[in-house]
Amino acid sequence: MWMVVSQRDAARSSITRSPATRTRAHDVRAFILSNVEKHPTDVSTVAAAHFGISRQAVNKHLKKLVLEQALNPAGKTRNRSYRLAALPEWTRLFKIVPGREEDQAWTQAVAPALGSLPQNVHDIWHFCFTEMFNNAIDHSNGSEILITLRRTALNTEMMLEDNGVGIFRKIQAAMNLADERHAILELAKGKLTTDPEKHTGQGIFFTSRLLDPFDILSGGVFFTHNYDSHEDWIIERPQASPGTTIFMKLDNHTSRTCKSIFDQYSSGSDYAFTKTVVPVKLAQYGEDKLISRSQAKRLLVRVELFKSVVFDFEGVEAIGQAFADEIFRVFARRHPEVELIPIHAKAQIQGMIRTALSGGGLEGGGV
């Protein structure tokens, strides 16, 4: 946290408080900072209930956080509210010109703007920024990239905006897909690149898994992935936006590391990208039901590139027998080297999968 505390005050605090008291105080303040955005007017009540202490005790912590410039207060006693104090917003415009490189942008501009962060957090931002910046340089066909950075005592937000053709439209054209929504499904799987000589297609996949929220707005659709949610979402927009906007956010004190995320989807000492999670719901457009073989085939595009494929059925109420049969019998027999793992499947879906595994699925044809 970016807190201003004099050396004299820090020394006095270390002398007069026991380690247990200091730890307790840290926990209370960390809780306040984590919850103040959701509870700007009643965070003292919420914190008091959580720790079993009085509101007066919590108010002492609130006053200290205000003094340390971590919180901004507003209103008088009864209508008092708090919000995280943001450091001045930082922006920088980069022209996409020959010789523009992501490591120079990081070292010379972005890393100094981020300031002091724990090493694991710094490493995550290093990976995510350079991957997204490089994608914009190589794939956007645009002329500039605008970087916006906003920090508080709790978290850091970063936004990259380019004025190019739009990431989903480019994938749609390169893969001859029906629409932009299918491009998002392919992006969510990983190992997708429109320029295999320069890219492995891992950057966006791992970036989306490292951050708290990771959002892409491009063309007529909006894609979002949250670290603590099983679901990915596609939101259609009434008006298409030019270029691509990527929004990233991360807790300044997360215990997450690049290695811990890479390990979840990799095998061997060379970190081969061998596992993916396919959000099945992304194959379901609007009110469509997942019943046909053609829908299943869209879901299965490129999954043979992985050794282990997790089909996440979170948010899917039911599937048809042809859909299940195409994945868990037909594809499974053609690719016995690929492990297929369904998760978060409701009872109806589990039944359809069991039927397919038993060989009782519909043969041939399909919709």
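The values are calculated or read from the model by the stated rules, or taken from the named source; none is laboratory data. If you're wondering where the values come from, they're calculated on a predicted model, not measured in any experiment. For neighbour counting, all protein chains shown are included, and Cβ atoms are generated from backbone atoms with ideal geometry for every residue, glycine included. These accessible areas exclude ligands, DNA and RNA; they are computed on the full protein's heavy atoms, side chains included. Shrake-Rupley method; radii C 1.70, N 1.55, O 1.52, S 1.80 Å.
Quickly run through the range 106-123 and pick out the residues that are open to solvent by less than 60 Å² (accessible area, probe 1.4 Å), out of contact with any strand residue (DSSP E or B) (no Cβ under 6 Å at 6 or more places or on another chain) and in contact (Cβ under 8 Å) with a residue 24 or more places away in the chain. Steps first, answer last, please.
Of all residues in the range 106-123, those open to solvent by less than 60 Å² (accessible area, probe 1.4 Å) come to 106, 109-111, 113-115, 117-118, 120-122.
Among the residues that remain, those that are also out of contact with any strand residue (DSSP E or B) (no Cβ under 6 Å at 6 or more places or on another chain) are: 106, 110-111, 114-115, 117-118, 120-122.
Answer for the range 106-123, where residues must be open to solvent by less than 60 Å² (accessible area, probe 1.4 Å), out of contact with any strand residue (DSSP E or B) (no Cβ under 6 Å at 6 or more places or on another chain) and in contact (Cβ under 8 Å) with a residue 24 or more places away in the chain: TRP106, VAL110, LEU114, GLY115, LEU117, PRO118, ASN120, VAL121.
May I ask you to verify whether LEU87 is outside any loop (DSSP other than H, G, I, E, B), of a type in the set (A, V, I, L, M, F, W, C), surrounded by 11 or more Cβ atoms within 10 Å (Cβ to Cβ) and in contact with a Phe, Trp or Tyr (Cβ under 9 Å, 6 or more places away or on another chain)? No. The residues listed here are LEU84, LEU154, LEU93; of these, the one that is modelled with pLDDT under 90 and in contact with a strand residue (DSSP E or B) (Cβ under 6 Å, 6 or more places away or on another chain) is LEU154. Tell me whether the range 170-182 contains one or more residues that are open to solvent by 20 Å² or more (accessible area, probe 1.4 Å), within 16 Å of MET248 (Cα to Cα) and among the acidic types (Asp, Glu). For the range 170-182, residues open to solvent by 20 Å² or more (accessible area, probe 1.4 Å), within 16 Å of MET248 (Cα to Cα) and among the acidic types (Asp, Glu): absent. When the residues of the range 289-309 are filtered to those that are touching a strand residue (DSSP E or B) at 6+ places or on another chain (Cβ under 6 Å) and open to solvent by less than 10 Å² (accessible area, probe 1.4 Å), the one that is nearest to MET175 (Cα to Cα) is VAL303.
How many of the residues making up the range 321-343 are assigned to a loop (DSSP other than H, G, I, E, B) and buried (at least 16 other Cβ atoms within 10 Å of the Cβ)? Please lay out each step first, then the result.
The first filter runs over the range 321-343 and keeps only residues assigned to a loop (DSSP other than H, G, I, E, B), leaving 335-338.
Filter once more, keeping what is buried (at least 16 other Cβ atoms within 10 Å of the Cβ): 338.
Residues that pass the stated criteria total 1.
Only residues that are farther than 16 Å from ALA153 by Cβ, modelled with pLDDT of 90 or more and either of a type in the set (Val, Ile, Thr) or loosely packed, with under 14 Cβ neighbours inside 10 Å (or both) were counted in the range 23-49, giving 4.
Residues satisfying the criterion are present in the range 140-163 (criterion: touching a helix residue (DSSP H, G or I) at 6+ places or on another chain (Cβ under 8 Å), open to solvent by 40 Å² or more (accessible area, probe 1.4 Å) and assigned to a loop (DSSP other than H, G, I, E, B)).
Give the number of residues within the range 90-105 that are open to solvent by 70 Å² or more (accessible area, probe 1.4 Å) and touching a Ser or Thr at 6+ places or on another chain (Cβ under 7 Å). Within the range 90-105, residues that are open to solvent by 70 Å² or more (accessible area, probe 1.4 Å) and touching a Ser or Thr at 6+ places or on another chain (Cβ under 7 Å) number 3.
I need a count of the residues in the range 295-321 that are closer than 18 Å to HIS335 by Cα and not charged (D, E, K, R). The total comes to 11. Considering every residue within the range 310-320, establish whether at least one is surrounded by fewer than 20 Cβ atoms within 10 Å (Cβ to Cβ), at pLDDT 90 or above, within 25 Å of the chain's Cα centre (by Cα) and in a strand (DSSP E or B). Yes, the range 310-320 has at least one match.
Name every residue in the range 352-367 that is surrounded by fewer than 15 Cβ atoms within 10 Å (Cβ to Cβ), at pLDDT below 50 and within 19 Å of ALA318 (Cα to Cα), in order of residue number. Please lay out each step first, then the result.
Applying the first criterion (surrounded by fewer than 15 Cβ atoms within 10 Å (Cβ to Cβ)) to the range 352-367 yields 354, 358-360, 363-365, 367.
Okay, now just the ones that are also at pLDDT below 50, so 363-365, 367.
The answer is VAL367, and nothing else.
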